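Before any comments, here is the structure.
Just so you know, all these numbers are worked out from the coordinates, no wet-lab data involved. Everything numeric here is computed off the predicted structure, so don't read it as measured data. Cβ sites come from the backbone with ideal geometry, for glycine too, and all protein chains shown count toward neighbours.
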Amino acid sequence: MRNLSILLLGLLVLSGPVRAEPSAQEILAASDAIRNPDKPFGLITTLTEYRSGKPADRMVLKVYSKTELKGGQYRSLVRFLEPERDREKLMLKEGNTLWFYDPASKASVRLSPQQRLLGQASNGDVVTVNLSRDYTAALAGEETVTDGDRQPRDCYHLDLNASSEDVTYARIELWVDKHDNHPIKGKFYSDSGRLLKTAFYRRWEEQLGQVRPTETIIIDGIDPNLVTKMQFSDYGWRDIPESWFQRDFLPRFQGD
């Protein structure tokens, strides 16, 4: 028995310490880091709405994002480029509060993040968000799911519940690849528990030092014939002034 104990001890020493599995919150934070650059940046977001497979509407936005000095959540300034009727309008994410500014009226009004912007994309979908700052994650299991390119992916299945009432969705189910922390699929729910939309993250490219999804396909929770494609392009590091994230500065914003 003594010899067996010594043998087992030796095997433990050789194998080294057992690696702990990441917590659900750690998995979510790692997935956030895949979606979001860790320094101030800008990009172009193009939204295309499809109905029964045919393009119905389109919008192009310039998004500037930067983390808060306290808390680590992102602030975003969204500049409307297309369509022409909306050109130079602005949307500001200040904390979890959204403001819309129209240069024609020179007035800024508060927006709901749940309000639809185009097709299945809401206001809260086009600003940069670290989900790990606004949601409490629990591990619902491990599953093989089909990704946006119809390929099987071994994933952690996370159940996210909002930690405050001012976030875009009350609950999210998120599937994260076990091997590289890539977000693969999300389901987004209302306060009443109704499925609002399903999203697939795809078209992975090297952008700003990380392989990131450059396209999100959003499918309506009731009618699968209603689909919105979000495409991300023209990534770049930006030195963004703090003044750009102040509501009072919106009338003086000139862009770049």
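Once you have the Cα-Cα distance between R203 and S23, take 0.36 nm times their residue separation minus that, and quote the gain in nm to one decimal. Working shown, then result.
Details: separation 180, 0.36 × 180 = 64.80 nm, distance 2.72 nm.
Gain on extension, R203 to S23, equals 62.1 nm.
Once you sort the root eigenvalues of the Cα gyration tensor of region 22-171 as a ≥ b ≥ c, which label holds: rounded (a/c under 1.5), prolate (a/b larger than b/c) or oblate (the other case)? Write out the running numbers ahead of the final one.
Details: a/c = 2.07, a/b = 1.38, b/c = 1.50.
Since a/c reaches 1.5 but b/c is at least a/b, the shape of region 22-171 is classed as oblate.
Out of every Cα pair in the chain, what percent are spaced more than 32 Å from each other?
Details: 8503 of 32640 pairs.
For the chain, the share of Cα pairs beyond 32 Å comes to 26 percent.
Run lengths n ≥ 4 of DSSP H only: what is the helix-derived mean residue ellipticity at 222 nm for the chain, with -39500 (n - 2.57) per run over all residues, to the nearest 500? Intermediate values should be presented prior to the final figure.
Working: 3 runs with 30 residues, N = 256.
Result for the chain, helices only: -3500 deg cm²/dmol.
Give the angle, between 0 and 90 degrees and rounded to the nearest 10, that separates the Cα long axis of helix 24-35 from the longest principal axis of the Cα atoms of the chain.
For 24-35 against the chain, the angle is about 50 degrees.
Using bins 10 angstrom wide from zero, how does P(r) for region 183-223 break down, in % of all Cα pairs?
Calculated P(r), rounded to whole percents: 29, 40, 23, 9.
How much net charge surrounds T67 when only the other residues with a Cβ under 10 Å from the Cβ of T67 are counted, with Lys and Arg +1 and Asp and Glu -1? Working shown, then result.
On the way: positive: K39, K66, K70, R75, R133; negative: D38, E68.
Net of charged neighbours comes to +3.
Using only Cα atoms, tell me the angle between helix 2-15 and the longest principal axis of the chain; keep it within 0 to 90° and round to the nearest 10.
Helix 2-15 and the main axis of the chain meet at about 30 degrees.
Between K54 and E242, 0.36 nm times their residue separation minus their Cα-Cα distance comes to what?
Numbers: separation 188, 0.36 × 188 = 67.68 nm, distance 4.08 nm.
Difference between extended and current length: 63.6 nm.
Quick check: from the Cα gyration tensor, does region 116-230 come out rounded (a/c under 1.5), prolate or oblate? Each step should come with its number before you reach the end.
Working: a/c = 1.33, a/b = 1.15, b/c = 1.15.
The shape class here is rounded.
Based on Cβ point charges of +1 for Lys and Arg and -1 for Asp and Glu, what charge dipole magnitude is obtained for region 30-252 about its Cα centre, in debye rounded to the nearest 20? Display every interim value, and only then the final one.
Values: 33 positive and 34 negative charges, 118 e Å.
The dipole magnitude comes to about 560 debye.
Could you please state, rounded to a whole Å, how far the C-alpha centre of region 206-244 is from the C-alpha centre of region 65-115?
Cα centroid of region 206-244 versus Cα centroid of region 65-115: 16 Å apart.
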